[in-house]
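Taking it in order: structure first as structure tokens, then the write-up.
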Amino acid sequence: MPINLDDPKRFRPLREQVHQVAMNMLRPISRKYDRAEHEYPKELDMLAAMADGLEQSGTSEGAGAAGVRRTDDGSTGNRNGSNLASVMTVAEMCWGDVGLLLSMPRQGLGNSAIASVADDEQQERFKGTWASMAITEPAFGSDSAQVSTTAVKDGDHYVLNGEKIFVTSGERSDAVVVWATLDKSLGRAAIKSFVVPKGTPGLKVERLEQKLGIRASDTAVITFTDCRVPAENLLGSPEVDTKQGFAGAMATFDNTRPIVASMAIGCARAALDLTRDLLEKAGVVVDYDRPAVTQSAAAAKLLQLESDWEGAYLLMLQAAWMADNQKPNSLEASMAKAKAGRVGSDVTLSCVELCSTVGYEEHELLEKWARDSKILDIFEGTQQIQQLIVARRVLGITSAELR
């Protein structure tokens, strides 16, 4: 049976519209905000207003911070193609600039957590909120089960204490989705996520990080000191179900990992497109109708990079499609994230190398894309963590058996 590798027809107009936005609105200011780290890109306010208008009119096809909500049997609820629309449009936006995409109001990683875990009442209450995500702590990185920030029930509130690092949009967002444990002795099952609005007493943005890439996006350290959060702001069920384990909180990653994969896909595509143009100007033309071994070394390398990119792109689409069609996608989400993260770094660095001094200097954006792409192989679970997750699921063994 033949496989159709073309993009779904219904999403092509939307993707083309987003591509025009990326080319005409993001790409022209990309270098400006790379140099002006921590300065808010005010041009994004107009873009956010446009996105809100599309969402209200229904013409956005659900693109944005869509979620993977699960039914009682563990399958994902049909989102009418919203996850597929999201990854395709995010990729196009990141063709323009990854850091600026991560700075988009109301499109934070915390919004995906809300979309994935919140109940219907919470979905409505937090609608329009720009939410960042606070998971990582000074004592751990990718092993989210090591969360030590505590949440202690006190009447109709929870009291949060702890420190979170590497919070994307941590200063600019309206609220922070915080992962905290209700009882450390109960392990992963006791980890819950809470929506903490900015201005809540006890929440403090301590500092902003200086970074290698995605410099247009702010990355914060946030502390919680006796921070009282209404009990109704706990996302999902407050019950600790040791049989379910970590599944409730981890459902967030089934959505965000394909989205991060799409960021790497978009950034790598930008590098490939520009490199092909620069090679052609230098007299190196890639012939897609001839075997790579019969062409120049530079052309053969570009063909190999594009082949790797295609594999990552299809894995990303598969993970999103499964979420939209009531199919559990945890394995595929990790496969897409692992492949795209690695390919993104390989492609952007190889494009810098292929273009020599032109790729390394600031006259072109290739060196910036190489810096931006590195984080996409790290956050939302490193390359090594994704490989562990894939291996455990393929082999049918537990995290205790394969560490």
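The values are calculated or read from the model by the stated rules, or taken from the named source; none is laboratory data. Keep in mind the model is a prediction, meaning the values are calculated, not measured. So basically every Cβ, Gly included, is an ideal-geometry build from the backbone, and we count neighbours across all protein chains shown. Accessible surface is based on the protein model in full, side chains and every heavy atom, while ligands, DNA and RNA are left aside. Shrake-Rupley method; radii C 1.70, N 1.55, O 1.52, S 1.80 Å.
Each residue of the stretch 232-237 in turn: what ³J(HN,Hα) in whole Hz from Karplus with 6.51, -1.76, 1.60 and θ = phi - 60°, glycine and Pro shown as x?
Running phi through 6.51 cos²θ - 1.76 cosθ + 1.60 with θ = phi - 60° gives 5, 8, 6, 7, x, 7 Hz.
Rounded to the nearest whole Å³, what is the per residue volume of the convex hull around the Cα atoms of the stretch 247-395?
Cα-based convex hull of the stretch 247-395, divided per residue, equals 118 Å³.
Applying the Karplus parametrisation 6.51 cos²θ - 1.76 cosθ + 1.60 with θ = phi - 60° to the phi angles of the stretch 371-386, what ³J(HN,Hα) value in whole Hz is obtained for each residue in order, glycine and proline being reported as x?
After applying 6.51 cos²θ - 1.76 cosθ + 1.60, I find 6, 5, 5, 4, 5, 6, 9, 10, 6, 6, x, 5, 3, 5, 5, 4 Hz.
If amide H atoms are built 1.01 Å from N in the plane of the peptide, which residues on other chains or at least 5 residues away come under 5 Å of the amide H of D119?
The answer is G236.
Name the residues whose placed amide hydrogens come within less than 5 Å of the amide hydrogen of H157, ignoring near sequence neighbours (fewer than 5 apart) on the same chain.
Placed amide hydrogens put A231 under 5 Å from H157.
Give me, ordered by chain and number, the residues 5 or more places off V196 or on other chains with an amide H under 5 Å from its own placed amide H.
The list, which skips near neighbours in sequence, is V176, V177, V178.
Got a sec? What order do R15, R257, R371, R207 fall in by accessible area at 1.4 Å, biggest, i.e. largest, first?
Heavy-atom accessible area, descending, gives R207, R15, R371, R257.
Might you report the magnitude of the Cβ-based charge dipole of the stretch 247-395 about its Cα centre, with Lys and Arg at +1 and Asp and Glu at -1, to the nearest 20 debye?
Roughly 600 debye for the stretch 247-395.
Using protein chains only and a probe of 1.4 angstrom, how many square angstrom of F11 are accessible, to the nearest 10?
Roughly 10 Å² of F11 is accessible to a 1.4 Å probe.
How about K204: which aspartates and glutamates have a C-alpha closer than 19 Å to its C-alpha, ignoring those fewer than 8 places off in the same chain?
Within the straight-line cut-off, K204 pairs with E137, E163, E171, D174, D218, D226.
Here are some pairs, K301/K339; K42/K164; K42/K327; K301/K337; which of them have Cα atoms lying more than 30 Å apart in this structure?
Pairs exceeding 30 Å: K42/K327.
In the chain, what % of DSSP beta bridges are antiparallel (nearest 5)?
85
With a 1.4 Å probe and all protein chains kept in place, how do R172, R125 rank by accessible area, largest first?
R125, R172
Using the Karplus curve 6.51 cos²θ - 1.76 cosθ + 1.60 with θ = phi - 60°, what ³J(HN,Hα) values do you get for each residue of the stretch 388-396, in whole Hz, with x for Gly and Pro?
5, 4, 4, 4, 4, 6, 5, 7, x
Packing-wise, with mean Cβ within 10 Å as the measure, how do 133-139, 195-201 rank, highest first?
133-139, 195-201
Kindly express, to the nearest 10 degrees and within the range 0 to 90, the angle between helix 12-21's C-alpha long axis and the longest C-alpha principal axis of the chain.
So the inclination is approximately 90 degrees.
Kindly provide the GluC sites (Glu not before Pro) of the stretch 224-333 that DSSP labels as loop, not H, G, I, E or B, and whose Cβ sees at most 16 other Cβ atoms within 10 Å.
Within the stretch 224-333, the qualifying GluC sites (Glu not before Pro) (loop, at most 16 other Cβ atoms within 10 Å) are E239.
Mind grabbing the accessible area of M93 for me, 1.4 Å probe, Å², rounded to tens?
20
For the chain, what is the mean residue ellipticity at 222 nm derived from helices alone (per DSSP H run of n ≥ 4: -39500 (n - 2.57); sum divided by total residues; nearest 500 deg cm²/dmol)?
Theoretical 222 nm ellipticity from helices: -14500 deg cm²/dmol.
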